[in-house]
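Here the structure is laid out as structure tokens; the discussion comes afterwards.
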Amino acid sequence: MKFTRIKLYYLAVFAALLTTTACGSDDPEPVNQEELITTLRVTFTGTGPNEGETVVATFTDLDGTGGDDPVITNPVELTANGTYDVSVVFLNEAESPAQNITLEVNAESDEHQVFFVANNINFTYQYGDEDVNEQPIGLTGSVLVGAAGTGTLQVLLIHEPDKDASGVSTGSPTNAGGETDISVTFNVSIQ
């Protein structure tokens, strides 16, 4: 009887091991690897009284974090009390030809949002695009610039933000969560 019990015990252990290893998959989970963003380009195209004016703010860091310092448009000069259409482009210029990351952001628009955070300047951004859930994306929009002054403008791309969180749909990244794909701060001069 004792011998049969030991045989049954080892048979049960063997069956359990066989079941756990046989049911597992050798295929790795697919990973949505984040793309390298080496370049951010924000284009301000004047409308209304400053129609015809075009200002391009650019951040370029071809070797990524570390290494050489990035090249940043400094300062970004905008017209006081002006209005602009805004478009944002993200590129990976470490690839040849350059990879347009904007296309991926647009294709996965429910998982991305661009934020504009102004400090010490009167800068009001209005989203001009929406994802499939009618939530903002931020690749296009418009801006109203106030009185003359100097300050900064932080442009962020956040992956998987909580677009339903307080203030997020109106452009505040404070409660967005998610992961920041890129964050660039431009010095701005409003004249």
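Bear in mind that the values in this text are calculations on the coordinates, not laboratory data. Bear in mind the structure is a predicted one, so any value in this text is a computation, not a measurement. Quick reminder, even Gly has a Cβ in these numbers, built from the backbone with ideal geometry, and neighbours come from all protein chains shown.
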Next item on the list: For Ala107, state whether it is free of Cβ contacts under 8 Å to residues at least 40 places away in the same chain and either of a type in the set (Phe, Trp, Tyr) or out of contact with any strand residue (DSSP E or B) (no Cβ under 6 Å at 6 or more places or on another chain) (or both).
Entry: yes
Item checked: Any hit, the range 94-108, residues being crowded, with 17+ Cβ neighbours inside 10 Å, within 19 Å of the chain's Cα centre (by Cα) and closer than 19 Å to Gln191 by Cα -> no
Notebook entry, point to check: Can you tell me which residues in the range 111-122 are over 17 Å from Glu35 (Cα atoms) and either aliphatic (A, V, I, L, M) or surrounded by 15 or more Cβ atoms within 10 Å (Cβ to Cβ) (or both)?
Noted result: Phe115, Phe116, Val117, Ala118, Ile121, Asn122
Next item on the list: Would you mind telling me which numbered condition in (1) under 24 Å from Ile190 (Cβ atoms); (2) surrounded by fewer than 15 Cβ atoms within 10 Å (Cβ to Cβ) Gly66 fails?
Entry: (1)
Margin query: I'd like the full set of residues that are in contact with a Ser or Thr (Cβ under 6 Å, 6 or more places away or on another chain) and over 20 Å from Leu144 (Cα atoms), limited to the range 170-190.
Written below: Asn175
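Could you list, in sequence order, all residues of the range 130-145 that are part of a loop (DSSP other than H, G, I, E, B) and surrounded by fewer than 15 Cβ atoms within 10 Å (Cβ to Cβ)? Break it down stepwise before answering.
Taking the range 130-145 and keeping what is part of a loop (DSSP other than H, G, I, E, B), we get 131-135, 137-139.
Passing the criteria: Val132, Asn133, Glu134.
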